[in-house]
Structure formats: structure tokens, C-alpha cells
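Shown next, in C-alpha cells, is the structure this report addresses.
Every number here is computed from the coordinates shown, using simple stated rules; none is lab data. What you see is a predicted model, and the numbers here were worked out from it, not measured in a lab. When we count neighbours, we look across all protein chains shown, and the Cβ atoms used for this are built from the backbone with ideal geometry, even at glycine.
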Amino acid sequence: MAILKVARMGHPVLREKCQPIDPAQITSPAVQGLIRDMFATMAEYAGVGLAAPQVHQAVRLVIAGGETDEEGRQQYRVLINPKVTVLDEDDRLGMYEGCLSLPGLRGWVERPAAVKVDAFDEQGARVEFTLEGFPAVVIQHECDHLDGVLYVDRITDMKKFAFELEADRYFAEDPAGDAEGDEEAYEDD
Ligand code: NI
């Protein structure tokens with residue numbers, strides 16, 4: 001198991017359209033090794049999710065967290081060749097997102113609040129599920145990476161793009177800046 005180097009914004013791998021993984025190869029040592037190394041890397045940097053291009057592998061594989069089990073432990077999904085379908089374009093959720101590829105920064109992004117996901121899991125089985133709230137945001141953020149999209153591309157108000165410390169200090173009480181009581185949360189992939 002290895003901790004991998006994380007690509008930072010500006011590295012072209014983060015802007016590539018990633019290639020699908022042959023489902024027959026999911027159980028191969030190469031793909032299984034990549035999954036293990038991505039888990040180790042994500043844990044090292046305390047991420048909530050990680051996409052393969054962030055470790056310089058332009059393939060359609062993500063790890064996404066944000067869900068907890070009954071005991072409150074973090075749960076992570078490994079998703080290969082994921083397809084995300086928005087359930088309601090008008091039902092949106094905003095939060096300050098972060099990304100291991102943009103260390104120390106936060107930006108306010110609004111996304112659909114509920115999605116359906118079709119993918120293969122780490123054993124090569126097809127999975128289909130729906131998510132809402134924070135885990136839905138995490139999945140969308142991670143899957144964006146597979147198409148070369150970073151959260152900064154989705155910031156509509158650049159006044160809400162800030163260093164983490166300043167965002168915590170000045171934006172915490174009114175994260176949306178409009179006092180509408182949007183859910184506040186931070187993603188940390
Ligand atoms: Ni990210």
C-alpha cells in the first residue's frame with residue numbers, strides 16, 4: 001500500500017476526460033492496488049473522497065464518503081464508471097466545497113440535492129442507488145473529476161471563494177451570504 005502524490009490544480013491530468021475501466025479488469029491486481037492506494041492517500045490527507053485523476057490515473061474510478069452507518073462511522077463507496085442522474089434540477093443544495101487538489105481553499109457551490117448513481121463496485125458488481133444531501137454533493141464533486149471538472153468551475157460568485165481559514169472565520173454564520181439558512185457543510189476531498 002502506498003500514499004500517492006496528489007495532483008494539484010494546474011496539472012493537466014485534472015482536466016482530462018477519464019477513460020472507463022473494463023469491468024472484467026476491476027478484480028485485477030492493478031485496479032485493486034489502485035483502490036488500496038487511493039484509500040491510503042485519502043486517509044493520509046483526511047479527504048472525504050478521492051478521484052483517480054487526482055492521483056494521476058485518468059480512469060473512471062472514485063471513492064466517495066459522506067455517509068455514516070448506525071454507529072456514526074464513515075462509510076465509503078468505491079464507484080467505477082459511475083453515471084450520475086440528477087433527480088430534480090430545481091432542488092439544490094449549496095455548501096463550501098474543498099478539494100485535495102486545491103489545498104487550503106473553499107468555494108461556495110450549489111448542486112442538485114439528490115441524484116441516482118449507476119456504477120460498478122470494487123468487486124465488479126453493478127450497483128444502483130439514490131443519495132441526497134451531503135453524500136450526493138460528494139458523489140457529484142468526485143464524478144466531476146472524471147470529466148476534468150473542478151469545483152471552482154461551478155462557483156458562480158467569486159466573492160465566496162476563499163482560503164479555508166478565512167472562510168471558517170468570516171463565512172461560518174452565514175455561509176450562503178444571503179441568510180436563507182442553507183445547509184452549511186464542508187467537503188474535504
Ligand atoms: Ni476534488
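Below are the figures for this structure:
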quantity	calculated
Estimated vicinal HN-Hα couplings, Hz - segment 146-162 in sequence order (Karplus 6.51, -1.76, 1.60; Gly, Pro = x)	6, 10, x, 9, 10, 4, 4, 5, 9, 6, 9, 10, 5, 5, 9, 10, 8
Folded to 0 to 90 degrees: helix 134-145 orientation relative to the chain principal axis, Cα	60
Folded to 0 to 90 degrees: helix 29-44 orientation relative to the chain principal axis, Cα	30
Mean ellipticity per residue at 222 nm, deg cm²/dmol - from DSSP H runs of n ≥ 4 across the chain, formula -39500 (n - 2.57)	-5500 deg cm²/dmol
Value of Rg to Rh for the chain (Rh from inverse mean 1/r over Cα pairs, i.e. Kirkwood)	0.96
Simple Cβ-charge dipole of the chain, Lys/Arg +1 and Asp/Glu -1, about Cα centre, in debye nearest 20	1080
Equivalent ellipsoid semi-axes, segment 70-119, via Cα gyration tensor eigenvalues times 5, rooted, Å	20, 19, 14
